[in-house]
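Some notes on the structure that comes next.
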Amino acid sequence: MKTVLITGASRGIGRELALAFGKAGYAVGVNCLREEAKAQTVVQEIIQAGNPNADIFVGDVRDSLKVRQLMDAFVKRWNSFDVLINNAGITRDCTLLKMTNGEWNDVIDTNLSGTFWCVREAARLMSPNKKGSIINIVSIMGVRGGYGNANYAASKAGVIGLTQTAARELGRLSIRVNAVLPGFHKTDMSAHLSKEIETKVMSEHILGTSTQVSDLSSFLLGLSENQSISGQVFSVDNRIA
Ligand code: NAP
């Protein structure tokens, strides 16, 4: 049985990924920060769909010690670690002249440093077996910037650089590291966008519609299984960066 740990899987994209990997027969570790009840619901949904191997691993990805503890607990639970999806992320949108140190640091600490702690600990746990797949969820903002999200765009651009470096270093251990840019999805993260911005975002889609989360899930399932791809950045989108 293969195992996957998904950070930030209580809601939004992470939740959908957890359900899809659960349906595909993976043992699923559902991480969250605050919304334990929602994460527990995800676990119950996987179990009710016929896969008994799902569990919750609460912990703040900003805390490197906590990341180490929750990953050790994950490996102890199923005795293997095949796939890590670094999905946990936040926004604190604000134009840069008004952006506070706190707004900058919160986003960098969660999206960039949090991903680094998770990549480092997963690499530690995957290296004895000389296999594993790490997928970092990034954003179109990380390759082309945005308006009012210097912190978020910088954090995601940083994760792309981290992905490419980690892939180079971990390739000799057959640990694959890739980054995936999801398209636009209506989640709590995007809920604060004004109608005007949402209309602008939608108008960029060359197919006239945003991507389905099921397409993202099936792409990630395929990427997790693929043994010969590493160090790549994929867009699951129909906007052109
Ligand atoms: P969301 O609905 O706001 O969910 C965020 C998730 O991250 C929640 O499960 C939350 O846990 C978790 N989280 C936040 N801070 C955390 C921390 N310090 N430690 C552990 N977990 C933490 O977000 P989403 O829209 O699904 O986005 C998921 C990922 O996709 C993010 O990396 C985002 O940048 C990326 N993305 C999203 C879109 C989009 O259109 N939505 C597009 C491109 C990329 P709690 O529930 O416990 O707070």
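Couple of notes before you dig in:
- Rounded to the nearest whole Hz, the Karplus-based 3J(HN,Hα) values (6.51 cos²θ - 1.76 cosθ + 1.60, θ = phi - 60°) of region 139-149 follow the sequence 7, 4, 5, x, 10, 10, x, x, 10, x, 9, with x at glycine and proline.
- Expected-Rg normalisation [2.2 N^0.38 Å, Cα atoms] applied to the chain: 0.96
- Residue-normalised accessible area of the chain, expressed per residue, 1.4 Å probe, Å²: 48
- Residue order for 234, 21 - accessible surface, 1.4 angstrom probe, largest first: 234, 21
- Taken one residue at a time, the phi angles of region 81-91 give Karplus couplings (6.51, -1.76, 1.60, θ = phi - 60°) of 8, 9, 9, 10, 10, 7, 10, 4, x, 9, 10 Hz. Gly and Pro are set to x.
- Here the accessible area of region 3-235 is 52 percent carbon and sulfur, with a 1.4 angstrom probe and all protein chains present.
- Gyration tensor (alpha-carbon) shape descriptor, region 99-237, a/c threshold 1.5: oblate
- Packing around the peptides 176-183, 74-81, 29-36, taken as the average count of other Cβ atoms within 10 Å per residue, puts them in this order, highest first: 176-183, 29-36, 74-81.
- Once backbone amide H atoms are built at 1.01 Å from N, residue 56 has 30 as its partners under 5 Å, excluding neighbours fewer than 5 places away on the same chain.
- Only lysines eight or more places from residue 186 in sequence, or on another chain, were considered; those with a Cα closer than 23 Å are 23, 38, 156, 195, 200.
- 3J(HN,Hα) couplings calculated from phi for region 211-224 with the Karplus curve 6.51 cos²θ - 1.76 cosθ + 1.60 (θ = phi - 60°) are, in sequence order, 6, 8, 5, 5, 5, 5, 4, 5, 5, 5, 4, x, 5, 4 Hz; Gly and Pro show x.
- Alpha carbon centroid spacing (whole Å) that separates region 174-190 from region 109-132: 17
- With every protein chain in place and a 1.4 angstrom probe, the accessible-area ranking of 200, 23, largest first, reads 23, 200.
- Amide H to amide H, with H built 1.01 Å from N, residue 3 comes under 5 Å of 27, 82, 83, counting only residues 5 or more places away or on other chains.
- Entry note, region 38-119: relative contact order of 31 percent, from Cα contacts under 8 Å with a spacing of 6+ residues.
- Computed helical MRE - 222 nm, the chain, DSSP H runs ≥ 4 contributing -39500 (n - 2.57), nearest 500: -13500 deg cm²/dmol
- 5 angstrom amide H check on residue 90, placed H, neighbours 5+ away: 111
- Helix 12-23 axis, angle to the chain major axis (alpha carbon atoms, nearest 10°): 30
- Degrees between helix 150-170 axis and first principal axis of the chain (Cα, 0 to 90, nearest 10): 30
- For region 3-235, averaging the sequence separation of C-alpha pairs within contact (under 8 Å, six or more residues apart) and dividing by the residue count gives a relative contact order of 19 percent.
- In region 3-235, a dipole from Cβ-located charges (positive for Lys and Arg, negative for Asp and Glu) runs towards its positive end, and of 18, 148, 95 it is 18 whose Cα lies farthest in that direction.
The values are calculated or read from the model by the stated rules, or taken from the named source; none is laboratory data. Just so you know, these numbers come straight off a predicted model, no measurement behind them. We place every Cβ from the backbone using ideal geometry, glycine too, and count neighbours over all the protein chains shown. Side chains are part of the model used for accessible areas, which takes the heavy atoms of the whole protein and leaves out ligands, DNA and RNA. Shrake-Rupley method; radii C 1.70, N 1.55, O 1.52, S 1.80 Å.
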